[in-house]
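Student: The structure is given below, and queries will be raised subsequently.
The values are calculated or read from the model by the stated rules, or taken from the named source; none is laboratory data. Treat the numbers as computed from the prediction; the structure is a model and nothing was measured. Ideal geometry is used to build each Cβ from the backbone, glycine not excepted, and the neighbour counts take in all protein chains shown. In case anyone asks, the SASA skips ligands and DNA or RNA and just uses the protein heavy atoms, side chains included. Shrake-Rupley method; radii C 1.70, N 1.55, O 1.52, S 1.80 Å.
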Amino acid sequence: MGSLGWAVGLSLLSAGAYATAAVAQERLAEHGHRGWSRWAVALLLTGAGVALHVLALNFGTVAVVQALGTLTLLFALPIEVIRYHTRISRAAWLDAGLTVAGLAVILSLSVESEAPALLTDPATRGLATVTAGAVLACSLAAWRAGPRSRAMLLAAASGTAFGIASVLSKAVLASFTNGGVGAVSGFAAGMVVAFALTGYVLGQLSYRGAGLATPLATVSVTNPLVAALAGVLLFEEGVRFGAAGLLAAGVAALVMGWGVVGLARRTAGTGTGTRKPSGGTTPTQPAATG
């Protein structure tokens, strides 16, 4: 199996793990974040997704791996249907398809640089500072927002943190491949862990009172977009077909945005107390919105 095959296979496994983890996270939120076993399942599944994702980055470009990560959204929707015995409307599937299709077009236009994906210490510190500022701004804005806006802001912050963690992981792997352990920046490795943990916590909080699809759609878009943009700026990944490629990317961004907004609107009432918890007959209470 070639490098691309490994990247695709590992990315698909990672997307499946992330989707299952998202369902586990929502279940944990429904139970007031109580129960060590629920925490363990959600954390292990997320950890598996992270590990598979990092391995995939070693075989493929950031754009390819992150694009395949958008399949998390499609994997999670049928899982939700099976769990709650509900039906997702044709319009919701269309919104999900627009989201993934638009994002896939954007990322497919990116071109890998021939140079190794290495980052200098100043570039790493600058990236970490900008990312921390963006995540903090989204988190503070979510503090007083309504349930749906809060979920989307926290999910956007989570996606940003995860996206930059992937970019830094790519740089750490490139450093290790080119110079061994001694060439790996301790600060960069530390930021990978810090942003991954931050993304996990914010992602968990985004599921409180907003269901599964809305925050998952937001994080599924934010994560690869942030990573792809960072790849262009830091790793010199370009866009195919020049001006025509830029125009196609712009149109795809509009299509993707339409899908995200539609999906968020159609699933605004998901997970707000209308479902029955597994194994019981009493509807769950609405989760606190903070």
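Student: If you filter segment 74-165 for GluC sites (Glu not before Pro), then keep DSSP loop positions with at most 15 other Cβ within 10 Å, what is left?
Tutor: Listed in order of number, the matching sites are E114.
Student: Could you pull out every residue, at least 5 positions away or on a different chain, whose amide H is within less than 5 Å of the one on V111? Hs are placed 1.01 Å off N in the peptide plane, and Pro or chain starts have none.
Tutor: For V111, whose amide H was placed from the backbone, the distant partners under 5 Å are G238, V239, R240.
Student: Continuing with this model, one more query. Could you look at segment 119-251 and say what percent of its accessible area is carbon and sulfur, using a 1.4 Å probe and all protein chains?
Tutor: The computed percentage sits at 72.
Student: Tell me, what is the FRET efficiency for H85 and A189 to the nearest 0.05, using R0 = 35 angstrom and their Cβ-Cβ distance as r?
Tutor: 0.20
Student: Taking square-rooted eigenvalues a ≥ b ≥ c of the alpha carbon gyration tensor, is segment 96-216 rounded, prolate or oblate, where a/c under 1.5 means rounded and, failing that, a/b exceeding b/c means prolate?
Tutor: In terms of gyration-tensor shape, oblate.
Student: Separate question: How big is the dipole moment of segment 1-89 about its Cα centre under a simple scheme where the beta carbon of each Lys and Arg is +1, that of each Asp and Glu is -1, and everything else is neutral? Debye, nearest 20, please.
Tutor: Around 180 debye, computed over segment 1-89.
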